[in-house]
Amino acid sequence: MEKKKYIIVQLVEAFGGGVYTYVKDLSNFLVTHQSEINCEIHLIYSPNRVELDKEIFQKEIHPDVFLYELDMQRQINLKKDQVVVKETRKILKKIKPDIIHLHSAKAGVIGRLASLGIVKKANVYYSPHGFSFVQQNISKAKVSLYKMIESIMPFLHGGTIIASGKTEFEIAKKIGKTKLIENGIDFEMPDKIHNYTENKRFKIGTVGRLTPQKNPKAFNEIASKLPNIDFVWIGNGELINEITSKNIKVTGWIRTREELLQKINSLDLYIQVSLWEGLPIAILEAMAMQKPLLVSNVIGNKDTVEDGYNGFVYNTTDEAIEKIKYFLEHTNLREMGEHSYKKAFKEYNKTNNFLKLIDIYKKVPK
């Protein structure tokens, strides 16, 4: 008897950074694991994020994935969003998907509205990749609005939230039906690239776009108080002017994962100073490259660290500086880095976690 063929749509507006990596990897994984799930994959995405390199994307996405560009914008605009919903509905009517998986807040709203009457409510999945209402740079009114939207959508339109990390899972359970499928990465390339390097000066780095979320102001403050240490910001962005300390190097956009892993390999310590997160792919990549971690005490970041085992969680910039001094005075960096790898391989293995997601997909009502 021939296995049922699932037609699956992945819909994403925030197609950059970690979300890009996750959605691209998931789409590729699904089309290359037909023995696990007989499926046809359609990816509807917005090309508007500045960090999206279309040339690299065309090389990295599997040729069997059907692609559709849609002019989605991050900000709420009722008139434009209404047009996007209509365009999305047209695409979905042609595809006739069994399953739709929505990634990040904007796609969560657009996709649910667009799929009404086309996809069964029980067959709608939503990955927040960091709930919008946990942002720390927005007004209380906006926090309340985003909380209301996140609560109303599953109430009216059903579906299942796919939480990317343990802390996000605890929040999501209070909103609606939720499953925990943690973010995952592939270890083949990190294993090939990794080697222990000895820097003349201690080197600390982070990966991300220079935005309020990634908190470059705090990164700059920490670096300015530790002038004898080299700091590297791997990425670029609109807040580059907040990087003023002379011991910080900003690399600019990194085009390939191989280049990114090589940059991470050159670090002694990986730091993540974010104000909010989902479960950052960048941290997982640093763990795969056997780096000890120092991360801010926010959702997602804190899931990746066992204090004293593979790094530390900090609450203030002064505490972060004290922890860095601890790393300078102790010789267990290598051991902590090895612990990072072990934790990542056990909890954040892409193959294991995507197979768990496939099991969820296969249980949808037919």
Could you check the spin-label model distance between Phe345 and Lys147? Points 7 Å from the Cα along Cα→Cβ, value in nm.
4.2 nm
Calculated from DSSP H runs of 4 or more alone, at -39500 (n - 2.57) each and per residue, what is the 222 nm mean residue ellipticity of the chain, nearest 500?
-12500 deg cm²/dmol
Hey, can you grab everything whose amide H is under 5 Å from the amide H of Gly311? Only 5+ residues off in sequence or another chain; H modelled, so Pro and N-termini drop out.
Leu293, Glu306
Ordering 97-104, 285-292, 321-328, 22-29 by per-residue average of other C-beta atoms within 10 angstrom, highest first, gives 285-292, 97-104, 22-29, 321-328
Share of Cα-Cα pairs in segment 170-269 beyond 16 Å, in percent?
64 percent
Note down the magnitude of the dipole of segment 189-248 about its Cα centre, charges +1 on Lys and Arg C-beta and -1 on Asp and Glu C-beta and zero elsewhere, to the nearest 20 debye.
100 debye
Can you give me the long-range amide H partners of Leu67? Hydrogens built in the peptide plane at 1.01 Å from N, cutoff under 5 Å, separation of 5 or more residues or another chain.
Leu43
To the nearest 0.05, how large is the calculated FRET efficiency for Asp186 and Glu335 if R₀ is 25 Å and r is the Cβ-Cβ distance?
0.55
Take peptides 332-344, 214-226, 241-253 and line them up by average Cβ neighbours within 10 Å, highest first, as a rough protection proxy.
214-226, 332-344, 241-253
Amide N of segment 94-112 lying under 20 Å from the label point, which is placed 7 angstrom from the Cα of Lys363 along Cα→Cβ:
98-102
Given points 7 Å out from each Cα along the Cα-Cβ axis, report the Gln136 to Asp307 separation in nanometres with one decimal.
1.7 nm
For Lys325 and Lys96, extending 7 Å from Cα along the Cα-Cβ vector and measuring point to point gives, in nm, a value of 6.8 nm
Here the gain from full extension of Thr32 to Ile56, 0.36 nm per residue of separation minus their alpha-carbon distance, amounts to 6.7 nm
Given Cβ point charges of +1 (Lys, Arg) and -1 (Asp, Glu) and nothing else, what value in debye, to the nearest 20, does the dipole of segment 167-269 about its Cα centre take?
280 debye
With every protein chain in place, the accessible area of Tyr146 for a 1.4 Å probe, in Å² rounded to the nearest 10, comes to 40 Å²
Determine the shape class of segment 34-190: with a ≥ b ≥ c the square roots of the Cα gyration tensor eigenvalues, call it rounded for a/c under 1.5, and otherwise prolate if a/b is greater than b/c, oblate otherwise.
rounded
Could you report the accessible area of Glu55 in Å², rounded to 10, computed with a 1.4 Å probe on the protein chains as they sit in the structure?
100 Å²
Inter-part distance where segment 167-219 and segment 336-359 are each reduced to a Cα centre, Å
13 Å
Over the Cα atoms of segment 233-366, what Rg and Dmax result, in angstrom?
16.6, 60
Violating pairs (Cα-Cα greater than 28 angstrom) within the set Lys86/Lys173; Lys3/Lys94; Lys192/Lys217; Lys142/Lys343; Lys59/Lys263
Lys86/Lys173; Lys192/Lys217; Lys142/Lys343
Chain lengthening between Ile7 and Thr244 when straightened (0.36 nm per residue, less Cα-Cα)
80.4 nm
Cα lying deepest toward the dipole's positive end in the chain, options Gly111, Ile61, Ser132, charges on Cβ
Gly111
Can you tell me the dipole magnitude for segment 135-224 around its Cα centre, using point charges on the Cβ only (Lys, Arg +1; Asp, Glu -1), in Debye to the nearest 20?
420 debye
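The values are calculated or read from the model by the stated rules, or taken from the named source; none is laboratory data. Bear in mind the structure is a predicted one, so any value in this text is a computation, not a measurement. We place every Cβ from the backbone using ideal geometry, glycine too, and count neighbours over all the protein chains shown. Side chains are part of the model used for accessible areas, which takes the heavy atoms of the whole protein and leaves out ligands, DNA and RNA. Shrake-Rupley method; radii C 1.70, N 1.55, O 1.52, S 1.80 Å.
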